[in-house]
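A.B. asks: Below you will find the structure I want to go over with you.
What follows is calculated from the coordinates using simple rules that are stated; it is not laboratory data. These numbers come from a predicted model, not from an experiment. Neighbour counts are summed over all protein chains in view; Cβ atoms, including those assigned to glycine, are modelled from backbone coordinates with ideal geometry.
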Amino acid sequence: MSEDMQKIIACMQEAVDAEMERKAKLGYKAVIADKNGRPKIVSAKYLVRKRRAQKKAEAAVV
C-alpha cells in the first residue's frame with residue numbers, strides 16, 4: 001500500500017473512531033457486518049471498547 005493510501009485510511013479511521021465515541025456517549029447503536037456480511041446492530045460502546053483494545057494491542061507490538 002502506498003504512503004498516501006495509508007494516510008487516507010488512518011484519517012478515515014480517526015473520523016470513524018470519533019463518531020463512535022460520540023454515539024457511545026449518547027447511548028446509540030451502530031450497524032456493522034457480521035462474519036457472513038449481514039448487517040448486525042451493536043451498541044456503540046461495544047465498538048469503542050473493541051477499538052480501544054485493538055489500538056492498545058497495536059501499540060504493544062510497535
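A.B. asks: Here is the link list: LYS7/LYS45; LYS25/LYS50; LYS25/LYS45; LYS7/LYS29. Which ones come out longer than 18 Å on Cα distance? Display every interim value, and only then the final one.
C.D. replies: On the way: LYS7/LYS45 26 Å; LYS25/LYS50 15 Å; LYS25/LYS45 8 Å; LYS7/LYS29 28 Å.
Violating the 18 Å limit, Cα to Cα: LYS7/LYS45; LYS7/LYS29.
A.B. asks: Indicate the gyration tensor shape class of the chain (rounded, prolate or oblate), computed on the Cα atoms with a ≥ b ≥ c the square roots of the eigenvalues: a/c under 1.5 is rounded; otherwise a/b larger than b/c is prolate and the rest oblate.
C.D. replies: Note, shape of the chain comes out prolate.
A.B. asks: Tell me, what HN-Hα J-couplings in whole Hz come from the Karplus equation 6.51 cos²θ - 1.76 cosθ + 1.60 at θ = phi - 60° for each residue of the range 50-56, using x for Gly and Pro?
C.D. replies: Once θ is set to phi - 60°, the couplings for the range 50-56 become 5, 5, 4, 5, 5, 4, 5 Hz.
A.B. asks: I would also like to ask the following. Using +1 at the C-beta of Lys and Arg and -1 at the C-beta of Asp and Glu, which of VAL48, ALA60, GLN6 has the Cα lying farthest in the positive direction of the dipole of the chain?
C.D. replies: Checking the options against the dipole of the chain, the answer is VAL48.
A.B. asks: Assuming R0 = 22 Å, what is the FRET efficiency of LYS40 and ALA15, from their Cβ-Cβ distance, to the nearest 0.05? Before the final figure, lay out each step's value.
C.D. replies: Values: r = 21 Å, r/R0 = 0.97.
So, using R0 = 22 Å, E works out to roughly 0.55.
A.B. asks: Helix 3-26 versus the longest principal axis of the chain: what is the Cα-based angle in degrees, 0 to 90, to the nearest 10?
C.D. replies: 20
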